[in-house]
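Asks: Here it is, the structure, as C-alpha cells.
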Amino acid sequence: MRRIYFTSIFFLLLFYFITQSPADEVIKSGWTFVGWYGGGCYPAIVPDPNVKERLYLLSDVAGLWRSDNKGDEWHFINDGLVNLHIAVLSIAPSNSDVIYIGTQAGMMRSDDAGKTWHYLLSTKDKIIFKRPDSYRSIAIDSKDCNRVYAGTKKGEIFYSEDGGKEWKCLEGNKYPFKKEVTITTLLLSQGGKMLFVASELGLMRYDVTKKEWQKIEVGNSRVWDMVCSGSNDTIYVTSGRQIAFSSDYGKTWQFTTDIPRDEITRLSVRIDRSGATKLLAGWRDGWKGGVFLSTDKGETWKDREKNLRHNEIHNPTRAWMKGFGKPNAVVFDPFNQETIYFTDWWGVWRSDDNGENWNEIIKGAPNSCGSDIFISSLGNIFVATMDNGLLESSNSGKYYKALFPSKGYDKAINGHVWRVFVIPEKENNTIIATSSPWNDDINQVILSFDGGRNFEVIRNGLPSKRPQVNTMWGQGYPRALAIDPKDNRNIYLGIDGDDGGGLFISRDGGKSWQRSIGQPDSLRIYNGLVVDPTEPNRIFWGACGNDGGVYRSEDYGRTWKKVFSESRWIFDLAISKTGIVYAAGTSGKPVLYASYNKGKSWKLLKSFKESESCEAICINPEDEKQIFMGIVNWNGYSGGKILYSKDEGKNWRDITDTLPPSNGPATLVVNSQEEMLYVLLYAGSVYKRPLGFL
C-alpha cells in the first residue's frame, strides 16, 4: 500500500514537471513587457457586429490589437502584417472571421478574426490609405465577404469581387471628386445597389447597377464620417456642426440642431429598444475635442466629457495629459445600448452609462514611439520618447512616472525627448537629455541636478531654430549625444542639418554650448556619435547621404577626417571599453562593420538578408564579445529583428522570438545588475529578457 502511495506521488510530480517546465522556461527565457500603455494615436476602435465584447483597436505606428472583454485587456494581432501604420479596419457583416485593413503600403486580409494576416499583393503601393483620415474607407457587401470596395488616399475608388486578389477601378471618373483628395468614408447600401463616397470635398453616390456617378448636395461640403442605420437605409453624415440624415438615398435631407462646439468629424448611430434614435457626435477644434450625445435624433445635445478616470498606473503621461483630444472614433457598442467607445490621439475610453462616467481602457495597447533608454547605476530605467517625453521606472519597469513634462502644458517643454544620460552623483543623479518641443521651432538640452524633480531648459549656444537643409526627417533634431567617460563635464551633441546643425560641445556638464570650430564634411547625423573611452580626445561621427560614412576627430572635435566610406548610410555607432568601434547602417541591405585599430581600417562583420538597416548596437559591458543589434524597417514596415552574437560578430542568432511583430528597436541596453537585455521599440514601448537564457 505504501509503495502504491509513493509511486502515485512520483508520477504526479513527474506529470507536473513535464507539463510545467516548458512554460516556465518560456516565461524565464522570453521577452517580458516592462513598459507602459497609451500615449499615441489610435485611429479607430471597431466592435465586431456579431461577437459580443470583441473589439479591434488600430494604431498609427504599432499595428493592431484585439480585445474579447470590451477593452479591459488588449493583445497584439500583428502576425503577418506587412505594414503597421493602420488607417482603417472593416469586418465582413456576413462573416466576422473576414477582416480587411488598409495601410500606407496597401491592404491586408484576415480569415481568422485577426489571428493571422496576408498581404493583398495587387494593392501594394496602389490602394493606399492615410491615417486617421481614411476612417471608414473600406466597405464590404453585407452578404458577400469577397465583394469589397476601397477608397484611397488619392481619391480613387477600387472594387474586388474575389476577396481582394484582383482590383478594378470603378467605371466613370478615376477621381469622383475630379481631383486627388483622401476618401474618408465609403458606405454601401444594405442591398448593395448604392455606394456613397465621402471626402472633405463633399458626397458622391455611385449606382452599382447603372454604373453612374452623381454629386449629392448636403449642407456643409466637408463630409468626414458617414454611417447607415435602420431597415430603411437611413444615411447619416457629418455636416459642419450638424448631422444630416436621409432616407431616400440622398435626394432629400433633414438636419439635427447644432452642437454647441466646433465641427463634427465623427458620428455613430444606434436605435435603442424603444425605437428612439441615439446619436454620438465627436467634435474637434484644433487639437481639442470631445463628444456629444443626443437621445432624440439630434433635437438636443448633452456634452459627454465628464467624470474621466485617467489610468495613470498604465499610462503615466496622464500626469500631464488630461481629458479628451480631437476624436478619431466615437462608437456605440452593438450589443449594449449604454456602452460608448472613444479614441483620440492619446488614449482609448469606454463608458457603460451613456457617457456619465468614462474609464481609460489601454491595458495591453502600448502605442508610444521610443527614442532612447538608459539604466542608471541604481537600476532605474529612464526612457526618452517622441511625444511622451521623459519617463522613469524605479522598479524594473512595473510602473513609470513622468519626469519631463510632469504636469500641465508648457510651450517650452511638451514634445519629443531624444537622448538621455544619467550621471551618478553622491546624493542625486544628474540627468541630461535632449528635447524638441511640439510648438516651438527649436532644439534644447534639459538638465536636472536633483534626480529629475526639477529640470532646467538649456538653449544657450544652440541654434535659434531647427535646421531644414539636408536633414533626416525634414527638420534637424538632437538625436546624437555622447559623454566623455573620463570627464563627464565634456559632452558632445549632434544635430542634423547644413543650415545650423553639426557638432556642439559643452565643457561644463551641459550648462552652456558652443558649435565646434571644426565639423565633419557631412552633418546629416542620426544616432552615430561616440567618444573613445581609451583616448577621449578621439570622437567618431556617423553620417548619412552623399558624404555619409564615419568621420574621426583626434583633437576633441577641432578637426575631422573621413575614415570609412564603404557605406554612405551609418545610423548608429558603438564603442567598446577597449576601443573597438562598430558602425551600423545600410548598403542596400543591413550591414555591420568594425574597426579594431581606432578607425584606420574596417572589417565587414555581417551583411544581412533583410532589406532595411542595422541600428541600435549594444555591447555587453561585462563581456564585450556579446553584441546585440537591431534590424530596423522604416516607414512602418514590420519585420524588425533583434540579433545576438557571442563572438564579437562572427556569428549571429535571431532572438526576436516572442516580441510582437514591429519595425524594430530604437535602442538596446544591458542592465548588468539584473543581467537583463532591455529593448525600446520604435513603436510599442519596452521589453526585457534574461541574458542567462541566450
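Asks: Could you give me the residue pairs with C-beta distances under 7 Å whose first residue belongs to the stretch 648-665 and is under 22 Å from residue 85 (Cα atoms) and assigned by TED's automatic domain parsing to the domain that holds residue 575, whose second residue is of a type in the set (Asp, Glu) and part of a loop (DSSP other than H, G, I, E, B) wherever it lies, and which are 6+ apart or on separate chains?
Replies: Between residues of the stretch 648-665 that are under 22 Å from residue 85 (Cα atoms) and assigned by TED's automatic domain parsing to the domain that holds residue 575 and residues that are of a type in the set (Asp, Glu) and part of a loop (DSSP other than H, G, I, E, B), the close pairs are 661/79.
Asks: Okay, moving on. Looking at the stretch 464-484, is at least one residue aliphatic (A, V, I, L, M), touching a residue at least 40 places away in the same chain (Cβ under 8 Å) and assigned to a loop (DSSP other than H, G, I, E, B)?
Replies: Yes: one or more hits.
Asks: Hey, another quick one. Quickly run through the stretch 42-68 and pick out the residues that are charged (D, E, K, R) and touching a Cys at 6+ places or on another chain (Cβ under 8 Å).
Replies: Matches in the stretch 42-68: 60 only.
Asks: Now for a different question. For residue 195, all conditions in the list (1) within 31 Å of the chain's Cα centre (by Cα); (2) crowded, with 18+ Cβ neighbours inside 10 Å hold save one; what is the number of the exception?
Replies: (1)
Asks: Can you tell which of 562, 603 is in contact with a Pro (Cβ under 9 Å, 6 or more places away or on another chain) and surrounded by fewer than 18 Cβ atoms within 10 Å (Cβ to Cβ)?
Replies: On the way: 603 fails: in contact with a Pro (Cβ under 9 Å, 6 or more places away or on another chain).
Only one candidate passes the filter, namely 562.
To keep it simple, each residue is scored yes or no on (1) closer than 16 Å to residue 267 by Cβ; (2) touching a Lys or Arg at 6+ places or on another chain (Cβ under 8 Å).
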{"site": "200", "(1), (2)": "yes, yes"}
{"site": "204", "(1), (2)": "no, yes"}
{"site": "207", "(1), (2)": "no, yes"}
{"site": "210", "(1), (2)": "no, no"}
{"site": "217", "(1), (2)": "no, no"}
{"site": "226", "(1), (2)": "yes, yes"}
{"site": "234", "(1), (2)": "yes, no"}
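Asks: Can I ask one more? Among the residues of the stretch 174-192, are any farther than 22 Å from residue 236 by Cβ, of a type in the set (Phe, Trp, Tyr) and out of contact with any Gly (no Cβ under 8 Å at 6 or more places or on another chain)?
Replies: First, pick out the residues of the stretch 174-192 that are farther than 22 Å from residue 236 by Cβ: 174-175, 178-180.
In the following step, the residues that additionally are of a type in the set (Phe, Trp, Tyr) were identified as 175.
Subset that is out of contact with any Gly (no Cβ under 8 Å at 6 or more places or on another chain): none.
No: the stretch 174-192 contains no residue that is farther than 22 Å from residue 236 by Cβ, of a type in the set (Phe, Trp, Tyr) and out of contact with any Gly (no Cβ under 8 Å at 6 or more places or on another chain).
Asks: Go through 283, 320, 287 for me and flag whichever is surrounded by fewer than 19 Cβ atoms within 10 Å (Cβ to Cβ) and in contact with a Ser or Thr (Cβ under 8 Å, 6 or more places away or on another chain).
Replies: On the way: 283 fails: surrounded by fewer than 19 Cβ atoms within 10 Å (Cβ to Cβ); 287 fails: in contact with a Ser or Thr (Cβ under 8 Å, 6 or more places away or on another chain).
320 is the lone residue from the list that is surrounded by fewer than 19 Cβ atoms within 10 Å (Cβ to Cβ) and in contact with a Ser or Thr (Cβ under 8 Å, 6 or more places away or on another chain).
Asks: Same structure, new question: Mind listing just one residue for me: the one in the stretch 154-166 that is part of a loop (DSSP other than H, G, I, E, B) and touching a Leu at 6+ places or on another chain (Cβ under 8 Å) and, of those, surrounded by the fewest Cβ atoms within 10 Å (Cβ to Cβ)? Steps first, answer last, please.
Replies: Kept after step one, since they are part of a loop (DSSP other than H, G, I, E, B), are these residues of the stretch 154-166: 154-156, 161-166.
Checking which are touching a Leu at 6+ places or on another chain (Cβ under 8 Å) leaves us with 164-165.
Numbers: 164: 24, 165: 13.
Top of the filtered list is 165.
Asks: Quick one: which residue in 545, 518, 528 is on the phi > 0 side of the Ramachandran plot, assigned by TED's automatic domain parsing to the domain that holds residue 579 and of a type outside the set (A, V, I, L, M)? Before you say what the answer is, go through the steps one by one.
Replies: Numbers: 518 fails: on the phi > 0 side of the Ramachandran plot; 528 fails: on the phi > 0 side of the Ramachandran plot.
Going through 545, 518, 528 in turn, the sole match is 545.
Asks: Check whether at least one residue in the stretch 355-374 is in a loop (DSSP other than H, G, I, E, B), out of contact with any Cys (no Cβ under 8 Å at 6 or more places or on another chain), surrounded by fewer than 23 Cβ atoms within 10 Å (Cβ to Cβ) and modelled with pLDDT under 95, and report yes or no.
Replies: Among the residues of the stretch 355-374, not one is in a loop (DSSP other than H, G, I, E, B), out of contact with any Cys (no Cβ under 8 Å at 6 or more places or on another chain), surrounded by fewer than 23 Cβ atoms within 10 Å (Cβ to Cβ) and modelled with pLDDT under 95, which makes the answer no.
Asks: Can you work out which of the residues in the stretch 408-459 that are small (Gly, Ala, Ser) and part of a loop (DSSP other than H, G, I, E, B) is farthest from residue 499 (Cα to Cα)?
Replies: 451
Asks: Which strands (runs of 3 or more DSSP E) does the stretch 576-694 wholly contain that include 1 or more residues that are at pLDDT 95 or above and closer than 23 Å to residue 32 by Cα?
Replies: 613-619, 627-632, 641-645, 665-671, 676-681, 686-690
Asks: Something else: Could you check the stretch 550-579 and list, in sequence order, the residues that are of a type in the set (A, V, I, L, M) and in contact (Cβ under 8 Å) with a residue 40 or more places away in the chain?
Replies: Answer for the stretch 550-579, where residues must be of a type in the set (A, V, I, L, M) and in contact (Cβ under 8 Å) with a residue 40 or more places away in the chain: 550, 570, 573, 574, 575.
Asks: Out of everything in the stretch 414-456 that is in the same structural domain as residue 377 (by TED's automatic domain parsing) and among the basic types (Lys, Arg), what residue ends up being modelled with the highest pLDDT?
Replies: The residue in question is 419.
Asks: Return the only residue of 581, 669 being of a type in the set (A, V, I, L, M, F, W, C) and closer than 21 Å to residue 386 by Cα.
Replies: Unique residue meeting the criteria: 669.
Asks: Restricting to the stretch 506-529, count the residues that are surrounded by fewer than 24 Cβ atoms within 10 Å (Cβ to Cβ), among the hydrophobic types (A, V, I, L, M, F, W, C) and in contact with a strand residue (DSSP E or B) (Cβ under 6 Å, 6 or more places away or on another chain).
Replies: Adding up the residues that qualify gives 2.
Asks: Wholly within the stretch 276-348, which strands (runs of 3 or more DSSP E) include no fewer than the required count, namely at least 2 residues that are of a type in the set (Gly, Ala, Ser) and over 20 Å from the mean Cα position of the chain (by Cα)?
Replies: By residue number, 277-285, 288-294.
Asks: Any idea which of 411, 401 is without any contact (Cβ under 8 Å) to a residue 40 or more places away in the chain, farther than 19 Å from residue 480 by Cα, touching an Asp or Glu at 6+ places or on another chain (Cβ under 7 Å) and not assigned by TED's automatic domain parsing to the domain that holds residue 669?
Replies: So the residue among 411, 401 that is without any contact (Cβ under 8 Å) to a residue 40 or more places away in the chain, farther than 19 Å from residue 480 by Cα, touching an Asp or Glu at 6+ places or on another chain (Cβ under 7 Å) and not assigned by TED's automatic domain parsing to the domain that holds residue 669 is 411.
Asks: Can you tell me which of (1) touching a helix residue (DSSP H, G or I) at 6+ places or on another chain (Cβ under 9 Å); (2) closer than 24 Å to residue 91 by Cα is the one residue 337 doesn't meet?
Replies: (1)
Matching residues to (1) closer than 30 Å to residue 663 by Cα; (2) under 28 Å from the mean Cα position of the chain (by Cα):
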residue: 550; (1), (2): yes, no
residue: 555; (1), (2): no, no
residue: 569; (1), (2): yes, yes
residue: 608; (1), (2): yes, yes
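Asks: In the stretch 37-85, how many are more than 16 Å from the chain's Cα centre (by Cα), among the β-branched types (Val, Ile, Thr) and closer than 19 Å to residue 359 by Cα?
Replies: 1
The values are calculated or read from the model by the stated rules, or taken from the named source; none is laboratory data. Everything quoted here is computed from the prediction, not taken from an experiment. Because the Cβ atoms are built from the backbone with ideal geometry, glycine has one as well, and the counts that use them run over all protein chains shown.
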